[in-house]
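Each value in this text was obtained by applying a stated rule to the coordinates, not by laboratory testing. A quick note: this is a predicted structure, and the numbers were derived from the prediction, not measured. Counting neighbours? That spans all protein chains shown, and the Cβs are built from the backbone with ideal geometry, glycine included.
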Amino acid sequence: MLIRYGYEIVIGCTQPTPMVCLLSVSGDRKDDIRIPEKVVTAPAVPMTLYLDLFGNECRRLIAPRGDLTLWSDTTIEDSGKTGSLPVKCSHSHSIGIALHRMPGLA
């Protein structure tokens, strides 16, 4: 099935504010995208892209003072089947990890 998804997020800043946004589909699903992701800001601001330690696409920008709108629209193909986690996998274990031990947050 095809799933169209996107977002419109409005952020109000009292001063120019550096931001890193992780709003793109996970890298392991890139081959499933049928209509390329288009990201627009209003007002238009320069953005740079990079991959973090986990392979996530990060969008770096400086939000201007006032309102900034982030908008995106794309389509992805999905089988509709639910995924499964390994039997021993649990997200509750990660909650107890101190932030200074998390990768990239040293």
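Here are a few things to note about the model shown:
- Ala63 long-range amide H proximity, modeled H, under 5 Å: Thr17, Met19
- Linear extension gain, Lys30 paired with Asp73, 0.36 nm per residue minus alpha-carbon span: 14.0 nm
- Ranked packing of 72-80, 7-15, most packed first, by mean Cβ within 10 Å: 72-80, 7-15
- The stretch between Val20 and Thr48, if pulled fully straight at 0.36 nm per residue, gains 9.1 nm over its current Cα-Cα span.
- With contacts taken as Cα pairs under 8 Å and at least 6 residues apart, region 12-85 reaches a relative contact order of 46 percent.
- Across region 38-51, computed HN-Hα scalar couplings (Karplus, 6.51 cos²θ - 1.76 cosθ + 1.60, θ = phi - 60°) run 10, 10, 10, 10, 9, x, 5, 10, x, 10, 10, 10, 8, 9 Hz from first to last residue, x flagging Gly and Pro.
- Loop-located trypsin sites (Lys or Arg not before Pro) in region 7-86 (DSSP state other than H, G, I, E, B) with a sparse environment of at most 11 neighbouring Cβ atoms within 10 Å: Arg65, Lys81.
- Between Leu23 and Arg59, the built amide H atoms are under 5 Å apart, and every one of these is 5 or more places off in sequence or on another chain.
- Listed values for region 73-80 are Karplus-derived 3J(HN,Hα) couplings in whole Hz (6.51 cos²θ - 1.76 cosθ + 1.60, θ = phi - 60°), namely 8, 7, 9, 10, 9, 9, 6, x, and x replaces Gly and Pro.
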